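Novice: Supplied in structure tokens, the structure appears directly below.
The values are calculated or read from the model by the stated rules, or taken from the named source; none is laboratory data. Treat the numbers as computed from the prediction; the structure is a model and nothing was measured. Cβ: placed from backbone, ideal geometry, glycine included. Neighbour counts: every protein chain shown. Note: areas computed on protein heavy atoms with side chains; ligands, DNA, RNA excluded. Shrake-Rupley method; radii C 1.70, N 1.55, O 1.52, S 1.80 Å.
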Amino acid sequence: MTALSHEAVRGAVRDAGRALGLPEPVTEAFVRLLRPCVHLCPYEMLPEELRKDARPAARVGGPARVPEGVDIPDYVPHVLTIDCAAIPTGVLDIAFPTDGRVAILTETTDDGGFFLHVPTGAETVERHSPERDDGQTRRGPFPLYAVPGTTIPARLHWSHVAEAADYAEGDAGRTELVDRLIEQAESLVDVGWGHDIQLGGYSPAWHDPLEDRGDVLVVAIPWGTISGDDCITYVSGTPEEIAERRYAELAFTVEC
């Protein structure tokens, strides 16, 4: 399967709307909903066309280099370090750092953790994984690679979109057309490498989408990638917290 750029997905949704005969304002309302993201996946999951010049963009587990003076409890494992310069530029619609590294330390048993941006050249100390972390990082260390992607809100229904509701309300034929557009949009963003760690975009939350609380996803970490556990940690914040790099105020939420 070939990786589609965000603009290519938007264009494909427009084409699908035209093919279904939907009014342009209805289709454009769904196009506006699409948000870009970056997937971080193992090499074997990379699209074939990206493998030749692939550069690791992150590492799961292993020792972490963290800023000096940061007090991190010994039992909290290092989950992920992201090489910010290896994340494709101009893709995300959030203010993710473009220099240095981001180290993420958290666990599945608590809604808490550390999102530490380490600028290039900053003084750091090496922190090894705790001797006992309940197996939470038993699949590391290994590299991950970046693939630009697109997301759509989870469990999207035509009634959630004003233009679609105005067009389809009370008309079974029109409702079916809009449902087909949603299905085609969901199929365009449902890629094999899209089930691993995700930067930006909509949260893939099962029960309580953080967007309903006014938060924005920074990173989603499915623990299946890290340890095989059936949980996801969401790191999120308000647009202001993210833009102003107030990372100590970011929220960690575990969903199992």
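The rows are residues; the columns are (1) within 30 Å of Trp158 (Cβ to Cβ); (2) touching a Phe, Trp or Tyr at 6+ places or on another chain (Cβ under 9 Å); (3) open to solvent by 80 Å² or more (accessible area, probe 1.4 Å); (4) not aromatic (Phe, Trp, Tyr).
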| position | (1), (2), (3), (4) |
| --- | --- |
| Pro23 | yes, yes, no, yes |
| Glu48 | no, no, yes, yes |
| Pro63 | no, no, no, yes |
| Ile72 | no, yes, no, yes |
| Thr81 | no, no, no, yes |
| Ala86 | no, yes, no, yes |
| Gly90 | no, no, yes, yes |
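Novice: Return the residue satisfying two criteria in turn: it lies in region 222-256 and is over 21 Å from Arg155 (Cβ atoms) and in a strand (DSSP E or B), and of such residues it is nearest to the chain's Cα centre (by Cα).
Specialist: Val235
Each row is one residue, and each column tells you yes or no for (1) free of Cβ contacts under 8 Å to residues at least 60 places away in the same chain; (2) out of contact with any strand residue (DSSP E or B) (no Cβ under 9 Å at 6 or more places or on another chain); (3) open to solvent by less than 60 Å² (accessible area, probe 1.4 Å).
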position: Thr151; (1), (2), (3): no, no, yes
position: Ala165; (1), (2), (3): yes, yes, yes
position: Arg180; (1), (2), (3): no, yes, no
position: Glu183; (1), (2), (3): yes, yes, no
position: Asp208; (1), (2), (3): yes, no, no
position: Asp212; (1), (2), (3): yes, yes, no
position: Val219; (1), (2), (3): no, no, yes
position: Glu255; (1), (2), (3): yes, no, yes
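Novice: Let me ask something additional. When you check Glu28 against the structure, is it over 22 Å from the mean Cα position of the chain (by Cα) and either among the hydroxyl-bearing types (Ser, Thr, Tyr) or not in a strand (DSSP E or B) (or both), yes or no?
Specialist: yes
Novice: How do the pairs read when you match residues in region 95-116 that are within 13 Å of Leu250 (Cβ to Cβ) and free of Cβ contacts under 8 Å to residues at least 24 places away in the same chain with residues anywhere that are open to solvent by 20 Å² or more (accessible area, probe 1.4 Å) and not hydrophobic (A, V, I, L, M, F, W, C), using Cβ under 7 Å and keeping only pairs 6 or more apart or on different chains?
Specialist: The qualifying pairs are Val102/His117.
Novice: From the list Ser203, Ser236, pick out the single residue that is farther than 16 Å from Thr81 by Cα, in contact with a Pro (Cβ under 8 Å, 6 or more places away or on another chain) and open to solvent by less than 10 Å² (accessible area, probe 1.4 Å).
Specialist: So the residue among Ser203, Ser236 that is farther than 16 Å from Thr81 by Cα, in contact with a Pro (Cβ under 8 Å, 6 or more places away or on another chain) and open to solvent by less than 10 Å² (accessible area, probe 1.4 Å) is Ser203.
Novice: Say we look at region 189-200 and pick out the residues that are in contact with a strand residue (DSSP E or B) (Cβ under 9 Å, 6 or more places away or on another chain) and surrounded by fewer than 18 Cβ atoms within 10 Å (Cβ to Cβ); which of these is modelled with the lowest pLDDT?
Specialist: Residue satisfying both the conditions and the ranking: His195.
Novice: What pairs can you find where one residue is in region 50-67 and within 16 Å of Gly100 (Cβ to Cβ) and touching a residue at least 40 places away in the same chain (Cβ under 8 Å), the other is in a loop (DSSP other than H, G, I, E, B) and open to solvent by 60 Å² or more (accessible area, probe 1.4 Å), and their Cβ atoms are less than 6 Å apart, with a gap of 6+ or different chains?
Specialist: Arg59/Pro141
Novice: If you don't mind, there's one more thing I want to ask. From Ile72, Ile82, grab the single residue that is within 20 Å of Pro141 (Cβ to Cβ), in contact (Cβ under 8 Å) with a residue 40 or more places away in the chain and part of a loop (DSSP other than H, G, I, E, B).
Specialist: Ile72
Novice: Any residue at all in region 101-122 that is charged (D, E, K, R), surrounded by 12 or more Cβ atoms within 10 Å (Cβ to Cβ) and in contact with a helix residue (DSSP H, G or I) (Cβ under 9 Å, 6 or more places away or on another chain)?
Specialist: Yes: region 101-122 contains one or more residues that are charged (D, E, K, R), surrounded by 12 or more Cβ atoms within 10 Å (Cβ to Cβ) and in contact with a helix residue (DSSP H, G or I) (Cβ under 9 Å, 6 or more places away or on another chain).
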